[in-house]
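The values are calculated or read from the model by the stated rules, or taken from the named source; none is laboratory data. A quick note: this is a predicted structure, and the numbers were derived from the prediction, not measured. Reconstructed Cβ throughout: ideal geometry from the backbone, glycine too, with neighbour counts over all protein chains shown. For accessibility, only protein heavy atoms count, side chains too; no ligands or nucleic acids. Shrake-Rupley method; radii C 1.70, N 1.55, O 1.52, S 1.80 Å.
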Amino acid sequence: MQAMKHTEQPQTTRSDGWHDSEIDRRAFLKLSSSLAVGAAFAGFFFRENKALAASFGDPVLVETDPRAEIKYSVCQGCHGGCGIRCKVVDGVLVKIDGNPYHPNNLEQHLPYATDPQDARLAPARICAKGAAGMQTLYDPHRLKEPLKRVGPRGAGQWQTITWEQAFSEIGAGLLAFRDLGTPVDPASPELGKKVNQVLFSPGRNQQAAFNDRFWKKVFGTVNSKLDHTSICEASHHVAHELMTGMGIAASTKNHTKPDLANAQFVLWFGADPCSANFPFVPIARKLIDFVERGGKLYVVDPLCNVAASKGTWVPIKPGTDAALALAIGRYLVDNGLYNTSFLRRPHDAAANPTNELNVTDATLLVKIVSGHPLAFLRADEAGIPGGTNSDFVAWSGGAAVKYNTVDAAELLPGQVVANGITCKTAFQLYFERVREKSLEEYSAICGVDVATIQSLAAQLAAAARAGNVTMYRGPVQHSNGTYSGLAILALNLLVGNFNWKGGLAFGGGGWRTSYSGAPYDPDTVPGGVTDSGVQITRAKAKYEDSAEFARNGYPARRPWFPIATHNNYQEIIPSIEDAYPYAAKALILYWNGIPYSTPAARAAFERVAADENKLPLIVAIDIAMGEATVWADYVLPDSTYFERWSVVGVAPTILTKTSGVRQPVVGALDASMNYTPVLPNTKTLEDILIGLGKAAGWPVGLDRAWDYWRQVITNMAADDSGPGLDYVLARGGRFDGYEKAYDGEKLKSHFSGRLYFFSEKLAKTHDSMTGEYFEGLGRYEPIRDAAGNALATTDGEYPLQLVTYKKAWHTQMHTMRYPWLASIQPGNFVELNSADAAARGIRTGDFVRLSSRSNPAGIVGQARVTETVRPGVAAVSHHFGHWEMSSRPHKVNGADTAYDATRGGGIQSTQVMRLDPSLGNVTLQDKIGGSAAFYDTSVQVTKV
């Protein structure tokens, strides 16, 4: 590889923000309501700075100019994993385009055999976030060197130190807590050893394999991946895993997407694929193509988002998605509009005249124990000769039979008795579930009229295998999120659309990075250790297996989350505060924004972080001084995503096999492949952890970041007779051809396992707080606290329900650092329907107070009155309202740092979100999937 040069960028020091505005905010907001604002303010927002432009290279240098280097990598402006083509001139990144080899960026993407020189001339798409990404690389307020706290925690007083000092002091601190032999609680040995008191919590993280290797196998803590997924979409993933056989199947799937290129009908719950969702660039492109060719799009959301504006908006009451899904299900079963041939097949070898691609549990018998559907009946229990405890049972010809001995079985036999055991089929349970309420009752709950419910159901049935019901964040970030997800997914089981052209896809997947016969074994650590015990958040752990349960029974002190396979971010800090199930000693944060991004988390985070007895050591690895980072004892400057390696997959939107490769596009590599980023005193996360491990004497087994990623990328490049490392790096990854998406009328890559209405795993699991069983089917239930108490979504004092959403040009918490993106809209709004605004005397541009029972003082922002918000709802977009992120100065070596006040524009609604009244220091949450409740807060909006 050729060494990569860099050029230091001039740093601006100003405290009044990059806008340098002489216009007041009210005047700007009035102007911004007109499309003319773009022309009127073009010079204001985009003033020419010749000195700065010169340092970024010649902006008109074309891709074919020999002075321009073209390097392919993967964006991390969001979690979509789009490919990027980076134009580098004299070591400086000057332009970012989409990677034409990558299916995210182009429809159809380039054949993989295309010569990279020819690919220079192929345009490919990238979104605004991706194109502006260079502004994270050249951010003048980036963290540039290691810092050690010298004042009280949170006071923002630091001194610079060397990496050697940082590694030595932090390593010594962690070494003191790396006790691999002593139980963290001798009375509860299942919790593991004291080493588990060290916690690693990454926010936006696409280096999970390396992190697991280090924190699990080198260091030894079970708290190795307390990541952010539960504040994003965890219950969406868990609902999919339950539907694909969690607890029964050898492997499950956590995501589906509609094949938009061939779908006829899509009912989309709680997402805006024209502004967010994954991957944003291809899903928006495919959705617009779908609409333009006449596809029927319905978007279920409290907001008329961008996607809804392209189809039909179904304005729903927040948190009632399951009621709408069950209502549609009722109409379908009442009218016999379900795929009987698909549902009646009990096993894969059954006669298949309609060429179905999967089987379901619809005909399988479920035991009813004390009125609770508990588990599938097995053939040995049913007394079937030769039956085993792994054989399911169906009902056929008036008797229980082993499931794989008949070609079709009964769906609705009613309640039956097999060998003295009362049972119902899984479909009978679903049939009875959807019929618990009338369409009118469901309509009253969700706010969608009966005629619309009937129309949606009829159109779904008419589209058959080309009809889709899909979802993302909106339905699941509630306390009832997993149940809602299961209710929505079940509609696809009724029509049997999985794996069909035009139906729901599980995606093309990617190539393996670890497998038998691979060139390398990157995840083995010579002399390493094995983690064990229970995470401090109790994710993936059963309360009934604990010594606490043996002593005390129900309820637990805090919830346990045995089904939450994607961790629990919002429980980290409250669990540390309560020292439950054990105390913490060290918290290592990586790109972490808990107090900013997590509902109702700021106060608890700041209490815990301020208490050095509660949490003796905090280390933050980051690129910017964010809301969590400012509380650390040590701050270690990370490199950006333009300065690291990783292998990045994509969501099921992409039907062909895809493995993107992130690689440094700037910076320098020496002869030993030691990497120096653009800011030479920053380091990649991998080099930071390797340095810590070496300083402490742990068995790291690596000398530099490339030692690990060379093995991983080489394995991926070699899998299935692949083209090799250099070929893959030259194209930014490995990509199957566009033509490999389909096999006739089927998707070429598909999930072949059984699909489930009923989850045995869920039905056999107890709620750790109430002692009651969870239910194995999707259901509607009201919002509840951890103790199981139903909560009103609104009341007389706080009569509006709060929701959030994302802008197409922002993502999570970091993009307010990008001036190009911030220039589009310098702040956000409290958005109200005109009826709610009129009742309060509020007009667009007025300053208003957004308050809640958990935060009566509230926060103050500006109002926007719009018909795109359902009455009874207040909406606030994410991304804005930073109180850190270099929006104010700090002191380093006694001097004030430069800052940009415009980064603090707008408000952050997580500060008013509802605390769980039964726990007091955490937001409401889904006790099954682990999701934090973003949409269960009742608020008031008053004019200031």
### Query
What does the charge dipole of the range 184-278 about its Cα centre add up to, to the nearest 20 debye, if the Cβ of each Lys and Arg holds +1 and the Cβ of each Asp and Glu holds -1?
420
### Taking the C-alpha atoms of the range 60-126, convex hull volume expressed per residue in Å³
83
## Note on the structure
Taking only the alpha carbons of the range 592-682, the radius of gyration and the largest Cα-Cα distance, Dmax, both in angstrom, are 17.9, 52
### Summary
Rounded to whole angstrom, the alpha-carbon centroid of the range 867-893 lies from that of the range 527-541 at a distance of 35
### lysines with Cα under 21 Å of Lys216, excluding same-chain neighbours fewer than 8 positions away
Lys193, Lys194, Lys225, Lys540, Lys542, Lys585, Lys694
### Rg to Rh, two decimals, where the chain supplies the alpha carbon set and Rh follows Kirkwood
0.95
### Query
Hey, can you rank 791-799, 612-620 by average C-beta count inside 10 Å, highest first?
612-620, 791-799
### Query
Sorted by mean Cβ packing within 10 Å, highest first, what order do the peptides 709-718, 623-632 take?
623-632, 709-718
### Task
With a 1.4 Å probe and every protein chain left in place, work out the accessible area per residue of the range 586-721 in Å², rounded to a whole number.
22
### Query
With the contact rule set at Cα under 8 Å and sequence spacing of 6 or more, what percent relative contact order holds for the range 726-827?
10
### Task
Go through Gly858, Leu821, Pro871 and say which Cα lies farthest out towards the positive end of the charge dipole of the range 783-943; charges sit on Cβ, +1 for Lys and Arg, -1 for Asp and Glu.
Leu821
### Task
Compute the signed sum of charges (Lys and Arg +1, Asp and Glu -1) over the other residues within less than 10 Å, Cβ to Cβ, of Ile248.
0
### Query
Roughly what % of Cα-Cα distances in the range 495-560 sit above 13 Å, to the whole percent?
78
#### Entry: Cβ-placed point charges (K, R +1; D, E -1), dipole of the range 893-944 about Cα centre in debye, nearest 20
160
### Query
So how compact is the range 783-943: Cα radius of gyration and Dmax in angstrom?
17.1, 54
### Task
Using only C-alpha atoms and all pairs of different ones, pull out the Kirkwood radius for the range 522-662 in Å with one decimal.
17.9
#### Entry: Charged-residue dipole, Cβ positions (Lys, Arg, Asp, Glu), the chain about Cα centre, Debye nearest 20
700
### Farthest positive-ward along the chain dipole, Cα basis, beta-carbon charges - from Leu326, Met913, Ala541
Met913
### Task
Name the shape class, rounded, prolate or oblate, that the alpha-carbon gyration tensor gives for the range 561-613, where a ≥ b ≥ c are the square roots of its eigenvalues, rounded holds for a/c under 1.5, and otherwise prolate holds if a/b is larger than b/c and oblate otherwise.
oblate
### Summary
Given all pairs of distinct Cα atoms, the range 361-488 yields a Kirkwood Rh in Å of 16.9
### Message
Can you give me the Rg/Rh ratio for the range 425-572, using Cα atoms for both radii and the Kirkwood formula for Rh?
### Response
1.09
### Query
In the range 100-181, what is the volume of the convex hull around the alpha carbon atoms, normalised per residue and reported in Å³?
256
### Task
Given the peptides 721-727, 925-931, arrange them by the average over their residues of other C-beta atoms within 10 Å, most packed first.
925-931, 721-727
### Message
Using Cα-Cα distances under 8 Å and only pairs 6 or more residues apart, what relative contact order does the range 526-656 have, in percent?
### Response
18
### Query
Once every DSSP H run of n ≥ 4 in the chain is given -39500 (n - 2.57) and the sum is divided by its residues, what mean residue ellipticity at 222 nm do you get, rounded to the nearest 500 deg cm²/dmol?
-6500 deg cm²/dmol
### the range 288-380: mean projected area of Cα convex hull, nm²
10.2
### Query
Can you give the relative contact order of the chain as a percent, counting alpha carbon pairs under 8 Å and 6+ residues apart?
19
### Task
State the percentage of accessible surface on the chain attributable to carbon and sulfur atoms; use a 1.4 Å probe and exclude ligands, DNA and RNA.
50
